[in-house]
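The block underneath contains the structure these notes are about, expressed in structure tokens.
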Amino acid sequence: MANGLQIGSVVRRLRIEKGFTLQQLADKVSRTAAYISKLENEKVSPSIHTLKALADELGVPLTEFFENDLINDPCINPPETWTRKLVKGWDADVRQMVKLVGNKKMQPFFTVIPPGGGARESYTHPGEEFVYVLEGLLTISLNGKVSKMKAGTMAYFSALMPHTWINDSKKPVKMIWVCSPPSW
């Protein structure tokens, strides 16, 4: 998550530009004026749900709150710095490609799925996903529609859509998987 100073100052600037009082903005996002004041003064950190509501009411994309963090925090990470993520129910070697995702809008993964592996149980979460198959043949189900993705194929979809992914082949599948916003 972006630091409180940036989010609070962005909220204050946008609220004033829109001509909203603390109470008016608070009413629009189902919070109290005291909460909005604390947010603007860096005393609380908003949830993603609150940030989304603020962005909608202030007429800006959610990314407005994170622009400076991205400019000030580029990263170039070689494979040996990628962190292994273990996810219950998944049979795959999942490597998070950036060390910290707290202030990022995307969470990229390098994933290797062994033959017969994958995520067989359908799941959903807020956000979007982008998948690019580097090697192998990935079977992906999006909202019940099954597709085969060979090397060079990409998928882009709402993560609210129930999805699964498996490797039905006899060779490993290698892919880049990106979640936005970071999910875990």
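The values are calculated or read from the model by the stated rules, or taken from the named source; none is laboratory data. Small disclaimer: the values here were computed from a predicted structure and weren't measured. Reconstructed Cβ throughout: ideal geometry from the backbone, glycine too, with neighbour counts over all protein chains shown.
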Restricting attention to segment 125-149, the residues that are farther than 16 Å from ILE113 by Cα and without any contact (Cβ under 8 Å) to a residue 24 or more places away in the chain number exactly 6
Which of (1) exposed (fewer than 13 other Cβ atoms within 10 Å of the Cβ); (2) within 16 Å of the chain's Cα centre (by Cα); (3) more than 25 Å from ILE7 (Cβ to Cβ) does VAL94 not meet, given it meets every other one?
(1)
I'd like the residue in segment 143-165 that is under 30 Å from ILE48 (Cα atoms) and crowded, with 17+ Cβ neighbours inside 10 Å and, out of all such residues, is nearest to the chain's Cα centre (by Cα).
ALA159
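For LEU25, indicate whether it is at pLDDT below 85 and on the phi < 0 side of the Ramachandran plot. Spell out the reasoning first.
Details: at pLDDT below 85: no; on the phi < 0 side of the Ramachandran plot: yes.
Here the answer is no, as LEU25 does not meet what is asked.
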Would you confirm whether any residue within segment 6-19 is assigned by TED's automatic domain parsing to the domain that holds ASP168, modelled with pLDDT of 90 or more and farther than 21 Å from PRO182 by Cβ?
no
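For segment 64-103, which residues satisfy the criterion of being charged (D, E, K, R) and at pLDDT below 75? Step through it out loud before you land on a result.
Keep residues of segment 64-103 that are charged (D, E, K, R), which gives 64, 67, 69, 73, 80, 84-85, 88, 91, 93, 95, 99.
Scanning segment 64-103 gives GLU67, ASP69, ASP73.
Conditions tested, residue by residue: (1) among the acidic types (Asp, Glu); (2) in a strand (DSSP E or B); (3) outside the structural domain of GLU64 (by TED's automatic domain parsing); (4) under 26 Å from THR63 (Cα atoms).
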site: ARG84; (1), (2), (3), (4): no, yes, yes, no
site: LYS104; (1), (2), (3), (4): no, no, yes, yes
site: PRO115; (1), (2), (3), (4): no, no, yes, no
site: PHE130; (1), (2), (3), (4): no, yes, yes, yes
site: LEU134; (1), (2), (3), (4): no, yes, yes, no
site: GLY152; (1), (2), (3), (4): no, no, yes, no
site: TRP165; (1), (2), (3), (4): no, yes, yes, no
site: ILE176; (1), (2), (3), (4): no, yes, yes, yes
If a residue has to be without any contact (Cβ under 8 Å) to a residue 40 or more places away in the chain, over 10 Å from LEU134 (Cα atoms) and of a type in the set (A, V, I, L, M) to count, how many in segment 150-184 make the cut?
4
